[in-house]
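Notes follow once the structure below has been shown.
The values are calculated or read from the model by the stated rules, or taken from the named source; none is laboratory data. Just so it is clear, the model here is predicted, and its values are computed rather than measured. Here the Cβ is made from the backbone with ideal geometry for all residues, glycine too, and neighbour counts use every protein chain on show. Note: areas computed on protein heavy atoms with side chains; ligands, DNA, RNA excluded. Shrake-Rupley method; radii C 1.70, N 1.55, O 1.52, S 1.80 Å.
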Amino acid sequence: MSSTTLPQGARLHSFAGVGLRSLRARPLRSLLTTTGIVLGVGMAFGVLILVSTIHSTFSNLYGTIYGNTSLIVSGKASIGSVPASTLPKVRAVEGVKGVSGTVYGVYRIVEGSTVGSGQGSTLFVAGIDFAGPNTSGAKTVAGHEPKRGNEIELEQAWAKQQGYEVGDRMRLATPSGTASMVVGGLYAFQSSLDLGGYGTAAMPVATARRLTGKGGVWDEIDVIVAPGVSAEAVARRIEAITGPGVEVATPAGKGDEANESLASLDIVLYFFSGMALFVGAFLILNSFNMTVLQRIREIGTLRALGASRRRIAVSIVGEALILAAIGAALGLALGIGLAYVLAETMRSLFGLPVASLDVTAGAAAAAIAVGLLATVAGALHPALRAGRIPPIRALTGGGADSERPGLRRALAGLLLFLPGLAIGGLFWFSNGSGGSWSALVGVGSTVVMFVGMVLLAPFVVMPLIRLLAAPLRALMPAEGRLASDSLRANAMRTSATAAALVVTLSVVVVDGMMSSSFVGSIRDEVNARFARDFTVQPLDYSEYGPPSSGLAESLRRRIAALPGAGTVTPRRVVYMRQLPGGGQPGLMVAVDPAAWPKVDRSDYEGGSTAQVMAGMARGGVVLGKGYAEDVGLGLGDTLTLEGASRTRRAPVVGLLDTFEASGNEVMVSLTTLREVYGITTDSQLAVNASSPAKRGLLGTEVHRLVATSYPGVEAVSNAKVKQGYEDQINQQFAFFNAIIGIAVIVGLLGIVNTLSMSVIERTREIGVLRALGGSRWRIRRTMLDESLLISLGGCLAGIAAGLLVGFVWIVSVRESTLSALDIRVPTGTLIAIAILGVAMGTLAAIVPARRAAKLDPLQALTYE
């Protein structure tokens with residue numbers, strides 16, 4: 001009976017049964033496809049959880065520690081300190097019920113002679129006036145608020161985690177040296193606060209001023225608005241009396257600012273997670289091409305019985321959705337595990353206060369949705385292809401002709417590939433202007449470039465496979481010929497499999513090339529610029545990580561008084577989410593113009609070093625060339641500096657070609673930084689001995705001083721400073737390459753799938769070979785040769801594409817912002833990728849080769 005005479009419900013039930021039986025009959029294909037979906041969904045879900053966790057951490061942070069606060073008065077973008085005289089002015093504003101000033105410090109726990117490392121040993125301490133209003137809403141739950149100068153109050157959950165109780169003594173490494181404190185009490189916020197291991201504490205403001213050296217300023221002033229009064233109206237009144245360099249914001253607004261600064265990171269994380277889904281689509285495509293091939297006679301029978309093309313296509317897509325549902329469920333479980341690993345990596349590498357995972361239903365739904373979308377996208381073409389198979393041809397066992405790439409495909413590939421090649425580097429690795437929009441354009445152009453790369457893959461991969469086949473034929477004439485002929489017989493499928501490796505490995509090569517170029521160029525800059533003997537800085541110092549404790553003025557004086565000391569000069573660094581005049585993130589660096597040339601050999605554009613330093617001493621600024629070009633400023637132009645203390649129009653007296661902050665740097669004098677922004681804390685000390693002969697003695701004395709009196713400080717050589725820069729860059733690139741590793745695994749599964757398809761297509765051929773005396777080992781070697789040709793062809797094409805993209809991007813970045821950026825080829829990375837190609841080819845061939853070798857010759861000869 002024709003299926004067209006069956007009731008509609010019966011036909012639907014029949015087709016559903018066919019799909020389920022097809023999945024059960026081919027467990028290997030179903031497993032490989034499901035694994036690809038699991039990895040793709042897991043990666044997407046893990047990244048969504050990570051992004052949600054980071055944002056919820058900062059939102060909860062401001063909402064918790066400012067429980068009773070209506071407004072926060074601080075330097076613009078939270079930079080600098082406001083003068084102490086600001087507090088009584090704010091208190092007198094109409095509508096203000098109460099104010100409380102705060103001085104912040106970052107301290108580390110000292111156990112014996114060792115300073116603790118990691119988040120668990122770091123305390124963010126607020127120095128406050130306990131007689132004033134309680135702006136945080138925190139309540140003392142044990143002991144009492146600090147009454148004496150040596151008392152400290154700890155947040156209850158952190159104290160319990162670290163084993164501290166009321167009455168215990170704790171030693172803290174502070175900018176002024178080691179401080180012995182008594183735990184006077186424990187407090188709890190109105191809601192729970194998780195900072196990923198970091199602790200919070202409070203102490204009397206007088207003690208905080210002494211330990212941090214912040215006299216006569218407030219880091220921020222917290223305001224409680226009277227009931228029934230508009231906070232917005234009070235904010236306008238405060239702004240009217242404070243000036244443009246002071247920011248008045250709500251706690252929610254502060255949280256939004258922090259989250260907005262992470263927008264570029266969000267986009268980049270989304271991009272790398274999407275890579276796994278992008279590559280997974282190829283795996284699904286090949287899997288369902290295999291489905292069509294395996295069911296060619298079955299499809300022909302169904303078409304002869306009256307099944308429409310649409311019905312056949314829907315049946316194939318239905319199978320895909322069944323696997324997608326299973327893969328999505330398993331992917332959610334994997335995603336939680338991946339999110340945990342990614343969160344730990346963010347904590348350890350970047351020092352972000354990432355809290356416990358924030359798993360939301362929205363993230364799960366989004367991950368499932370993109371997984372289903374990728375699955376349907378991958379299965380759609382094979383499904384439509386199945387519906388177009390003529391019934392007579394399918395019943396006689398014939399398959400579809402192998403497609404060949406044409407001129408249209410080549411032109412479309414070039415049109416998509418070239419724009420991303422031309423402009424992608426300007427958005428990924430430029431000086432950061434444009435924020436999230438820049439990252440979005442970079443991601444978009446790169447994705448389009450990858451699509452072009454996929455379209456061009458057949459024109460690159462197949463010639464490489466023919467080239468690689470020559471030595472294989474020389475070593476193994478029969479196996480090499482069979483392998484190469486099989487791959488050329490279906491060039492599009494072979495290229496689609498290799499394209500997954502081309503895309504993912506090209507990203508690794510580009511990252512490696514950019515990392516190597518930046519690291520090498522920075523190493524050269526440090527060698528050329530550093531004229532110091534060593535640098536004194538807080539432990540684990542980072543200019544872009546969480547706040548460090550800084551250095552006390554007393555340390556500088558004591559080092560300068562040591563035998564053999566020559567030049568001891570500070571360097572103060574402030575990371576700004578918005579540099580003055582430009583809006584992009586970068587560094588403001590302050591030095592002593594009189595002493596800095598003695599420890600730094602930088603070349604400045606705009607005059608001799610002496611002339612530039614003299615101009616900076618008079619209130620001028622030196623700009624990084626990248627920043628100057630981005631904001632359109634040149635020598636003689638004026639840059640407006642708006643700080644919490646005052647506003648100043650500073651002339652541009654010099655330009656500096658530097659890699660720091662990708663050229664986004666503004667250099668001022670110590671006096672300018674203090675007078676405009678109220679910042680007086682040293683970030684680093686550059687130290688020179690009075691003569692080369694006294695270098696060893698001075699180094700010994702400095703190490704002894706910091707070890708005994710300043711345990712939170714280290715004296716490091718120039719080599720270690722360079723290593724610190726290199727580690728920061730390598731860690732960032734390694735983090736993203738680790739995410740790309742998921743996509744590489746998916747690509748490996750695609751090779752397995754393609755080889756399995758080859759075994760099915762060549763079942764009769766394998767039977768003939770076995771009947772003519774071909775050994776199982778010869779069959780295995782044939783499969784191994786196919787796998788090696790695909791993986792090595794994909795790896796070499798990926799290396800070539802990565803080198804091309806990396807070269808063009810570096811040149812574009814060098815021409816636009818960083819003229820001193822040199823091209824460095826990551827030889828080690830290229831060798832590792834080549835070795836990876838051989839390893840992947842060998843591993844991918846194991847299962848298909850065993851399957852082919854186990855075919856019974858008689859059954860294979862009668863296979864239809």
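Structural remarks
- Stretchable slack from M492 to K720, in nm (0.36 nm times residue separation minus alpha-carbon distance): 77.0 nm
- In the chain, the DSSP-assigned H stretches of four residues or longer account for a calculated mean residue ellipticity at 222 nm of -20000 deg cm²/dmol, using -39500 (n - 2.57) per stretch and the full residue count as denominator.
- For the range 478-545: accessible area per residue (Å², 1.4 Å): 24
- Two-site FRET efficiency, L31 against R404, from Cβ-Cβ distance with R₀ of 35 Å, rounded to 0.05: 0.65
- On a per residue basis, the range 794-840 carries 40 Å² of accessible surface, using protein heavy atoms and a 1.4 Å probe.
- Surface composition of the range 525-679: carbon plus sulfur atoms contribute 45% of the solvent-accessible area (1.4 Å probe, protein chains only, all chains present).
- Here's the list of aspartates and glutamates a cross-link from K89 could span, going by alpha-carbon distance under 14 Å and ignoring same-chain residues fewer than 8 apart: E220, D222, E239.
- Volume per residue of the C-alpha convex hull in the range 155-196, rounded to whole Å³: 94
- Cα extents for the range 458-525 along the principal axes, largest to smallest and rounded to whole angstrom: 56, 26, 15.
- Calculated P(r) of the range 562-682 - Cα pairs past 19 Å, %: 42
- Here the range 127-221 has 47 percent of its accessible surface on carbon and sulfur atoms, given a 1.4 Å probe and all protein chains in place.
- Partner lysines for K147 [C-alpha distance under 20 Å; skip if fewer than 8 residues away on the same chain]: K139
- For the chain, taking Cα atoms only, Rg and Dmax work out to 32.6, 105 Å respectively.
- In terms of overall dimensions, the range 433-553 has a Cα radius of gyration and Dmax of 24.4, 79 angstrom.
- Put simply, when 378-384, 493-499 are sorted by average Cβ atoms within 10 angstrom per residue, most first, you get 493-499, 378-384.
- Each of V811 and I745 was given a label point 7 Å from its Cα along the Cα-to-Cβ line. The distance between the two points is 3.8 nm.
- Distance between the modelled labels on K147 and A693, one decimal in nanometres: 6.0 nm (7 Å Cα→Cβ projection).
- Percent carbon-and-sulfur accessible area, the range 444-483, ignoring ligands, DNA and RNA, probe 1.4 Å: 79
- Of K214/K254; K76/K625; K254/K722; K598/K720; K214/K625; K694/K722, those spanning more than 28 Å from alpha-carbon to alpha-carbon: K254/K722; K214/K625
- Highest-first arrangement of 709-717, 299-307, where packing means the average Cβ count within 10 Å: 709-717, 299-307
- Inter-label distance for A366 and A422, nm, one decimal - labels placed 7 Å from Cα along Cα-to-Cβ: 3.3
- The range 662-679 - phi-based ³J(HN,Hα) in whole Hz, Karplus 6.51/-1.76/1.60, Gly and Pro as x: 6, x, 7, 9, 10, 9, 10, 7, 4, 5, 5, 4, 6, 6, 8, 10, x, 9
- Extended-chain gain in nm, criterion 0.36 nm per residue less alpha-carbon gap, A233 and R850: 214.4 nm
- Per residue accessible area in Å² of the range 105-178, where ligands, DNA and RNA are left out and the probe is 1.4 Å: 47
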